[in-house]
Amino acid sequence: MAGTSQTTPADSGGSRDDRSDPATDAFVAHRNLLFTVAYEMLGSATDAEDILQETWLRWSGVDLATVRNQRAYLVRITTRQALVRLRTLSRRKESYVGPWLPEPLLTAPDVAEDVELADSVSMAMLLVLETLAPTERAVFVLREVFDLEYGEIAAAVGKSPDAVRQIAHRARGHVAARRPRGVVSPAESRDALEAFQRALETGDLQSLLDLLAPDVVLLGDGGGVKQAVPRPIVGADKVGRL
């Protein structure tokens, strides 16, 4: 749980020799998948880790003889716990001071290798997912990102398969209308970030403006305590001169 020292199997890359059992092996085998499901639903690595702890606590008490599909069962536990957390977070965001931004995921190679489908956890995509209702977000992530069957998703979110199909259709429409245009490779992102940092360090305003899209929007998250930026700032010139 949040604020505790509890851990899950293999969350620190340690040896599994001293605790190898079927429940642990299954959890470790699917841990990356479960983390990514939780992270895409919540937009927070910290909350995703909390959900993994809750998933492990529930999974460790399951009679595996009653489980036909361990992957589906684990995804179902993770999704349900993430939905509970997401609904709580949604209520908190109503009184959040200023815009709420997703928590970026570290992109160092050793971290990126531990996350499935890294393109789908980009900041731009997470901002789009923030526009969906909790159940829409869960259905979209499970169907469009992880290609789960409608029956599996229905069991995870507590809806009928027909209802899930309708929710998926609606969520796809919402995402398509807001999806970022174009795809940027990790190498291009690194190059742009390095150039951006150089421009800031040298005070080269023109180079900075050249890097920004004409319709760039600057948002600031003050942690819910204060507004880092009173209102969105639109336009390369205004953002560059801030």
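The values are calculated or read from the model by the stated rules, or taken from the named source; none is laboratory data. All values reported here derive from a predicted model rather than from experimental measurement. Neighbour counts run over all protein chains shown; Cβ positions are idealised from the backbone, glycine included.
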* Of all residues in segment 20-35, which are part of a helix (DSSP H, G or I) and farther than 12 Å from THR79 by Cβ? -> PRO22, ALA23, THR24, ASP25, ALA26, PHE27, VAL28, ALA29, HIS30, ARG31, ASN32, PHE35
* Within the set of pairs 6+ apart or on separate chains, which have a first residue in segment 43-54 that is within 11 Å of ARG85 (Cα to Cα), a second that is among the aromatic types (Phe, Trp, Tyr) and part of a helix (DSSP H, G or I), and C-beta atoms under 6 Å apart? -> ALA48/PHE35; ALA48/TYR39
* **Residue selected from segment 30-44 under the condition farther than 18 Å from PRO134 by Cβ and surrounded by fewer than 23 Cβ atoms within 10 Å (Cβ to Cβ), by the criterion farthest from the chain's Cα centre (by Cα)** => HIS30
* Asked: Yes or no: LEU101 over 23 Å from GLY151 (Cα atoms), in a loop (DSSP other than H, G, I, E, B), out of contact with any Pro (no Cβ under 8 Å at 6 or more places or on another chain) and modelled with pLDDT of 70 or more?
  -> yes
* Does segment 135-145 include one or more residues that are under 20 Å from GLY43 (Cβ atoms), modelled with pLDDT under 90 and not hydroxyl-bearing (Ser, Thr, Tyr)? -> yes
* Asked: Taking LEU126, is it at pLDDT below 90 and in contact with an Asp or Glu (Cβ under 6 Å, 6 or more places away or on another chain)?
  -> no
* State whether one or more residues within segment 55-71 are under 16 Å from the mean Cα position of the chain (by Cα), at pLDDT below 95 and surrounded by fewer than 12 Cβ atoms within 10 Å (Cβ to Cβ). => no
